[in-house]
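Accompanying notes for the structure given below.
Read-outs throughout are calculated quantities, based only on the coordinates presented, and are distinct from any laboratory measurement. Because the structure is predicted, anything quoted here is derived from the model rather than measured. Because the Cβ atoms are built from the backbone with ideal geometry, glycine has one as well, and the counts that use them run over all protein chains shown.
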Amino acid sequence: MPSLTLEQHNGPTLTDPSWSAVEAALRTVHPRDRGYFILSGDGAGYVQAAGARLRMICEWRRVNSEGSFQLFVLGHPQPAKTLTSITTAAGVIRLQANEVLTLDDVLGIFRRFYERREIPEQFTLREATGAPEGPAAT
């Protein structure tokens, strides 16, 4: 599998980190201070998360075999009829209420990407490729 890189808001970039190093970095996100994390693989796309422990957003950039990509916002399977927002280190992001995730959700997503370069099946995917106001725009 391609090598991985972990970028983090308040920490060093890690090349080929162990899973325990990725998990430890993610667990540094504070309940109120907002951070971000990007786990990327050479040619494998990435998962990224931002926010605070109980209110995070997670996105997956899937690279297709011909080199194009799709960007998805992950969420829980309940209906997505309510808009909300979260505050991240990059500012306020609007998203659907079912897309607000916890640190535990994000840990599961990052672990699956770390191990298999895929996303756990229990999450819904809302395509955000080319969204005019950023990845979480609707």
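Spatial offset of the stretch 100-132 relative to the stretch 1-70 amounts to 10 Å, using the alpha carbon center of each. Derived scalar couplings between HN and Hα for the stretch 49-65 equal 9, 8, x, 10, 3, 9, 9, 10, 10, 9, 10, 10, 9, 9, 8, 8, 4 Hz in order, rounded to whole Hz, by the Karplus curve 6.51 cos²θ - 1.76 cosθ + 1.60 (θ = phi - 60°), x for Gly and Pro.
Computed over the chain, the per-residue total of -39500 (n - 2.57) for DSSP H runs of n ≥ 4 gives a 222 nm mean residue ellipticity of -5000 deg cm²/dmol, rounded to 500. Counting only DSSP beta bridges with both residues in the chain, the antiparallel share comes to about 100 percent. First select every other residue whose beta carbon is under 9 angstrom from the beta carbon of Gln48; then total the charges, Lys and Arg +1, Asp and Glu -1. Its environment carries a net charge of -1. Computed over the alpha carbons of the chain, Rg followed by Dmax gives 14.0, 40 Å. Of Val63, Val47, the sequence from fewest to most neighbouring Cβ atoms within 10 angstrom is Val63, Val47. Please identify every one of the trypsin sites (Lys or Arg not before Pro) in the stretch 24-87 that sits in a loop by DSSP and has no more than 11 other beta carbons within 10 Å of its own beta carbon. Counting only loop positions with at most 11 other Cβ atoms within 10 Å, the trypsin sites (Lys or Arg not before Pro) in the stretch 24-87 are Arg27, Arg32, Lys81.
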